[in-house]
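What follows is a set of notes on a single structure, which appears directly below.
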Amino acid sequence: MIKNKIGAFGGIVLLALGLAACGSSSSSSSSSTSSSGSATISGAGSTFAAPVYEQWASSLSPLTVNYQAVGSGAGITSLESKTVDFGASDPPLKPADEEAIAKNGSPAVQIPMFLGAITVSYNLPGVKTGLKLEGKTIADIYLGKIKTWNDPEIAALNPGVTLPSTAITVIHRSDSSGTTAGFTAFVAAVDPEFKSKVGEGKDVQWPVGTGAKGNAGVAGAVQQTTGAVGYVEQAYALQHNFTYASVKNKEGNFVAPTLASTSAAATGVTVPANLGIKISNPSGAGSYPITSQTFIVVNKDLCKAGQSESVAKGVVKFIDYGLNQGQSILGQADYASLPAAILAKSKEAAAGLQCNGTALGG
């Protein structure tokens, strides 16, 4: 049932974006409260997290959540400009963003919400899921050094697999993307040439390939192009029945993206004071190496940042649901819940959210 809802999510996102284009986007100033006390809150950001946020929102009636899946970078910019009530980002905040958000009237708070795998998905008829790739090989594909699927570098990792001479079409994100940040963080960590030529982050200069907007855009481009390869969040890959690679991790094991391997990647992650966790090429024999965290970002005192009390309570209700009941349904949507130690810190941060100095819940 949840996967069917994920499949329908693209239309919901397009509707939200269409309204924004007409000048009717939800914002802190336009969020409303009906006579029954049901709030309407707005958020924007991560496409990686969008299927989950849509599912959580559907369980919270009469609270209405208008979420625009526009990419992590645009989501944080929207929060900084006070056009939404919460931002959603996969990479942790940079100091400059923390400073910009604090200018709204209250310090920035980033709350880890859940985890997900970033797959290396490919459209290669006759080649099953599980093609083995390592960081250097992925780097060489995205640097344009490997141009066909039967390249010796790929063949050496996959003895016994008949690889076609099909040309590789590289697909990457065109927007400011947390999925890009997670993908490039892994590749840069394992390949010095990629690190020096491309680097890591939400926005990078790709030497080759075709850009597409959002996880859904990359997924669509891969699906439509024989020979294509793209980095796609696992829920989107499964929705499109993609084949995807097993990727060599730090311990030398080729690991497929699963709930267990995604959860294993967060084991032992250091949690800084501002909760800005970052999973990049994690240790552990069973860890899937391209795993990402995702955050909801708000001002600590939402009312001092301009929200009404009812909207502030609505945002906290949404976050609280995600950190409690919402964790139990993540697996059905092909995402992984937070490890207990990180979840406890997220709940503590949520409990500290305020309206004009008064705690809102948590």
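The values are calculated or read from the model by the stated rules, or taken from the named source; none is laboratory data. Computed from a predicted model, the values in this text were never measured in an experiment. Quick note on the areas: whole protein, heavy atoms, side chains included, nothing else; ligands and nucleic acids left out. Shrake-Rupley method; radii C 1.70, N 1.55, O 1.52, S 1.80 Å.
For HIS172, enumerate residues with amide H under 5 Å from its amide H, sequence gap 5+ or separate chain, H modeled in the peptide plane.
Amide H to amide H, under 5 Å and 5 or more residues apart or across chains, HIS172 pairs with THR210, GLY211, ALA212.
Please say if the stretch 106-167 is rounded, prolate or oblate, where rounded means a/c under 1.5 for a ≥ b ≥ c the square roots of the C-alpha gyration tensor eigenvalues, and otherwise the choice is prolate for a/b larger than b/c and oblate otherwise? Display every interim value, and only then the final one.
Working: a/c = 3.25, a/b = 2.35, b/c = 1.38.
In terms of gyration-tensor shape, prolate.
Sort out for me the Cα centre separation of the stretch 277-328 from the stretch 193-220, rounded to whole Å.
25
Pop out the carbon and sulfur fraction of the accessible area of the chain as a percent, whole number, probe 1.4 Å. All intermediate terms of the calculation are to be shown ahead of the outcome.
Details: 7260 of 13840 Å².
Carbon and sulfur together cover 52 percent of it.
How would you classify the stretch 287-362 from its alpha-carbon gyration tensor, with a ≥ b ≥ c the square roots of the eigenvalues: rounded for a/c under 1.5, else prolate if a/b is greater than b/c, otherwise oblate? Walk me through the numbers on the way to the answer.
On the way: a/c = 2.39, a/b = 2.20, b/c = 1.09.
Taking the square roots of the gyration eigenvalues as a ≥ b ≥ c, the stretch 287-362 is prolate.
Equivalent-ellipsoid semi-axes (√(5λ), Cα gyration tensor) for the stretch 192-350, whole Å, largest first?
Listed largest to smallest, the semi-axes of the stretch 192-350 are 30, 20, 18 Å.
Note the angle between two axes, namely the Cα long axis of helix 2-21 and the longest principal axis of the Cα atoms of the chain, as a number of degrees from 0 to 90, rounded to the nearest 10.
Here the helix axis deviates by roughly 60 degrees.
Can you give the direction-averaged projected area of the convex hull of the alpha-carbon atoms in the stretch 67-120, in nm²?
Result: a mean projected hull area of 4.3 nm².
Suppose the chain between LYS103 and LYS278 were pulled fully straight at 0.36 nm per residue; how much longer would it get relative to their current alpha carbon spacing?
Fully extending the segment from LYS103 to LYS278 adds 60.5 nm.
Ignoring ligands and nucleic acids, what accessible area does LYS195 show with a 1.4 Å probe (Å², nearest 10)?
130
Using all alpha carbons of the stretch 32-137, what is the percent of pairwise distances in each 5 Å bin, ordered from the shortest bin to the longest?
With a bin width of 5 Å, the distribution comes to 2, 11, 17, 17, 15, 13, 9, 6, 5, 3, 1, 0.
Pulled fully out, how much extra length does the chain show between LYS250 and ALA155, if you take 0.36 nm times their separation in residues and subtract their Cα-Cα distance?
Additional length available on full extension: 32.1 nm.
What do you get when you divide the Cα radius of gyration of the chain by 2.2 N^0.38 Å, with N the number of residues?
Details: Rg = 20.1 Å, N = 362, 2.2 N^0.38 = 20.6 Å.
After normalising by residue count via 2.2 N^0.38 Å, the value is 0.98.
Got a number for the accessible area of THR148? Probe 1.4 Å, square angstrom, nearest 10.
Surface accessible to solvent at THR148 totals approximately 40 Å².
How big is the stretch 207-259 in terms of Cα radius of gyration and Dmax, in angstroms?
In order Rg, Dmax, the Cα atoms of the stretch 207-259 give 12.3, 35 Å.
Does anyone have the angle between helix 214-224 and the longest principal axis of the chain? Alpha-carbon axes, 0 to 90°, nearest 10?
30
Any idea what the relative contact order of the chain is, in percent, if you count C-alpha pairs under 8 Å spaced at least 6 apart?
23
Take the cross-link list LYS82/LYS197; LYS128/LYS213; LYS195/LYS347 and give me the ones stretching past 32 Å between alpha-carbons.
Going by Cα-Cα distance, LYS82/LYS197; LYS195/LYS347 fall outside the 32 Å limit.
Can you give me the orientation-averaged projected area of the convex hull built on the Cα atoms of the stretch 179-235, in nm²?
Numbers: hull surface 16.5 nm².
Its average projected convex-hull area is 4.1 nm².
Return one number: the angle in degrees, 0 to 90 and rounded to the nearest 10, between the long axis of the Cα atoms of helix 340-351 and the longest principal axis of the Cα atoms of the chain.
The helix 340-351 is inclined about 30 degrees to the chain.
What number, rounded to the nearest 500 deg cm²/dmol, is the helix-based mean residue ellipticity at 222 nm of the chain, given -39500 (n - 2.57) per DSSP H run of at least four residues and division by all its residues?
The per-residue figure over the chain is -10500 deg cm²/dmol.
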